[in-house]
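Chemist: Let me give you the structure first, and then I'll get to my questions.
The values are calculated or read from the model by the stated rules, or taken from the named source; none is laboratory data. On a predicted model such as this, the values are computed, not experimentally measured, just so you know. As a convention, Cβ positions derive from the backbone with ideal geometry for all residues, glycine included, and neighbour counts pool all protein chains shown. Areas reflect the complete protein model, heavy atoms only, side chains present, ligands, DNA and RNA absent. Shrake-Rupley method; radii C 1.70, N 1.55, O 1.52, S 1.80 Å.
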Amino acid sequence: MPAKDMSELVSLCQRRGFIFQSADIYGGMKGLYDFGPLGVELKNNIKRSWWSNMVYERDDVEGIDSAIIGPSITFEQSGHAATFNDPLTECRECKSRMRTDKMADPTKCETCGSKNLMEPRAFNMMFKTQYGPTEDSGSVAYLRPETAQHIFMNFKNVLDTTSRKLPFGIAQIGKAFRNEIIARNFVFRVREFEQMELEFFVQPGEDEKWHEYWLETRLKWWESVGVPREKIKVVDVAKDDLAHYSKRTFDLEYEYPHGHDEVEGIANRTDYDLGNHTKNQSELNLTAHVHENTKSNARLAVQDLEAKKWVVPYVIEPSAGLERAFLAILNEAYTEETLPAKEGKDAETRLVLKFKPHLAPIKAAVIPLAKNKPELVNLAKGIKADLQKLGLGRIIFEDTGNVGKAYRKHDEIGTPLCVTVDFDSLEDNAVTVRNRDTMEQQRIQIADLSAYLRKFYTL
Ligand code: GAP
């Protein structure tokens, strides 16, 4: 049962320390967010799951972690300098700025209703900066609007150092920056975000087959992180709406509280990018439109020894936004349950985040029944330290001294297991393990706890 609206997710994220408005002590910066103690754990777990699925569990993908800043030539060759624009209009009355392609009525201001709008103009979304101490045209650089261009620029480096043959891929997770005209819907549309991108290089002619393959593979991953297929609409993007580099794109649109919207794009980028970053383009049989005169000194191609020619691979690109994945996963986990009345207690509702265990920010909370009893506290701290060594993720020592409150808190932040140390533990060397989803409690020997957790997290 997902959240009823976005405000429920926003409020939970602020209350429990998942996400904060960036620079909030100075009034905040729109479209920029900071991830708090729980947010960073969830984010890292999503990244780990993606990396594991896209790199470690395969034999045909390598990873990189590139620079965030790129020289202006990169984005001239990639087409971003010329085409990475949104249509911007401004209201002359209230000074609101709007994207005309997202307005229900592009002749009327969305804020004050005035029809006194400026003529729309193309607004380039890249953040410009300079590198080095001089301010001449050669020092112009951009914060990357996608991680992909640095993957293309590293194509030959990876090929030469790993001796890969087609088909193979290069994966990267990292920051991307877009000066969005309007940042909205919490972390859905922001100006600084992370992308999880794979560029998968294939023989031209095999691209359509691989495009279908990656659509299926990605839907399976979404299912594995708790986002079921029926919540994702696959949109075969209309020709007129395709990005400048794409021959065909499948957009995966998740059912967010604000409506269906893109969580991932899977594009067939053809030989457009490698071609554009390659020297002597005219010697290659490029099919996509290229921007000639690159200053690149490399030929981003593979040799076909039999046919004695160079082949510029086609590229299939699954590209997911980490913040949008975070929001979808959080929304799917969000559950409000009514617990029936029992033992003189009224019925009550509980809010619980039913994350898949591998994504949960906290893997287990170890709680001593009383916080002023050194024997219990020391035993609980020792158990925490031992469980932490398992390498499953964050285990915390929970010193509230109120087990009921601790259970409520850990339901609300999605901790799958709570381990309670009570007075009997001092005698029977056992603890109570409470399961988040079933709320069942089980007595387990302290000596068996590590094996229990290891099994729980590998199921
Ligand atoms: N390299 C391909 C590329 O960048 P894109 O569709 O523009 O394609 C890929 O972006 C993904 O990045 C989107 O599906 C979305 O999840 C995420 N994304 C794009 N703009 C975003 C923004 N302003 N805020 C948060 N995520 C964004």
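Chemist: Counting just the residues of the range 44-65 that are of a type in the set (Gly, Ala, Ser) and farther than 19 Å from Phe201 by Cβ, which one comes out surrounded by the fewest Cβ atoms within 10 Å (Cβ to Cβ)? Show your work before the answer.
Modeler: Taking the range 44-65 and keeping what is of a type in the set (Gly, Ala, Ser), we get 49, 52, 63.
Adding the requirement that they be farther than 19 Å from Phe201 by Cβ leaves 49, 52.
Working: Ser49: 19, Ser52: 13.
The qualifying residue surrounded by the fewest Cβ atoms within 10 Å (Cβ to Cβ) is Ser52.
Chemist: Right, next: Please determine, by comparing only the residues of the range 173-193 that are aliphatic (A, V, I, L, M) and near the ligand (Cβ under 8 Å from one of its atoms), which one is surrounded by the most Cβ atoms within 10 Å (Cβ to Cβ). First the steps, then the outcome.
Modeler: Our first condition is that a residue be aliphatic (A, V, I, L, M); within the range 173-193, this holds for 173, 176, 181-183, 187, 190.
Filter once more, so that each one left must be near the ligand (Cβ under 8 Å from one of its atoms): 176, 183, 187, 190.
Numbers: Ala176: 20, Ala183: 19, Val187: 24, Val190: 22.
Step by step, filter the range 173-193, then rank; the result is Val187.
Residues are listed down the side, and each one gets a yes or a no for (1) within 16 Å of the ligand (Cβ to nearest atom); (2) among the β-branched types (Val, Ile, Thr); (3) within 29 Å of Met196 (Cα to Cα); (4) modelled with pLDDT of 95 or more:
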{"position": "Ala288", "(1), (2), (3), (4)": "yes, no, yes, no"}
{"position": "Ala307", "(1), (2), (3), (4)": "no, no, no, no"}
{"position": "Tyr314", "(1), (2), (3), (4)": "yes, no, yes, yes"}
{"position": "Leu322", "(1), (2), (3), (4)": "yes, no, yes, yes"}
{"position": "Phe326", "(1), (2), (3), (4)": "yes, no, yes, yes"}
{"position": "Thr335", "(1), (2), (3), (4)": "no, yes, yes, yes"}
{"position": "Pro340", "(1), (2), (3), (4)": "no, no, no, no"}
{"position": "Lys345", "(1), (2), (3), (4)": "no, no, no, no"}
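Chemist: So Thr420 ticks every box in (1) at positive phi; (2) more than 31 Å from the chain's Cα centre (by Cα) but one. Which box is left unticked?
Modeler: (1)
Chemist: Please report, ordered by residue number, the strands (runs of 3 or more DSSP E) entirely within the range 219-312 with at least 1 residues that are loosely packed, with under 13 Cβ neighbours inside 10 Å.
Modeler: Numbers: elements: 232-236, 248-256, 259-270, 302-304, 309-311.
Correct list: 232-236, 259-270, 302-304, 309-311.
Chemist: List the residue pairs whose Cβ atoms are under 9 Å apart, where the first residue sits in the range 115-134 and is in a loop (DSSP other than H, G, I, E, B), the second is among the acidic types (Asp, Glu) and open to solvent by 50 Å² or more (accessible area, probe 1.4 Å), and the two are 6 or more positions apart or on different chains.
Modeler: Asn116/Glu93; Pro120/Asp101; Phe127/Glu192
Chemist: Which numbered condition trips up Lys381, out of (1) under 28 Å from Phe326 (Cα atoms); (2) without any contact (Cβ under 8 Å) to a residue 24 or more places away in the chain?
Modeler: It is condition (1) that Lys381 fails.
Chemist: Residue by residue through the range 375-394, note down the ones that are part of a helix (DSSP H, G or I) and out of contact with any helix residue (DSSP H, G or I) (no Cβ under 8 Å at 6 or more places or on another chain). Before you say what the answer is, go through the steps one by one.
Modeler: Kept after step one, since they are part of a helix (DSSP H, G or I), are these residues of the range 375-394: 375-388.
The answer is Val377, Asn378, Ala380, Lys381, Gly382, Lys384, Ala385, Gln388.
Chemist: Would you mind stating whether Phe168 is more than 14 Å from the ligand (Cβ to nearest atom), in contact with a Leu (Cβ under 6 Å, 6 or more places away or on another chain) and open to solvent by less than 10 Å² (accessible area, probe 1.4 Å)? Full working, then the answer.
Modeler: Details: more than 14 Å from the ligand (Cβ to nearest atom): yes; in contact with a Leu (Cβ under 6 Å, 6 or more places away or on another chain): no; open to solvent by less than 10 Å² (accessible area, probe 1.4 Å): yes.
No.
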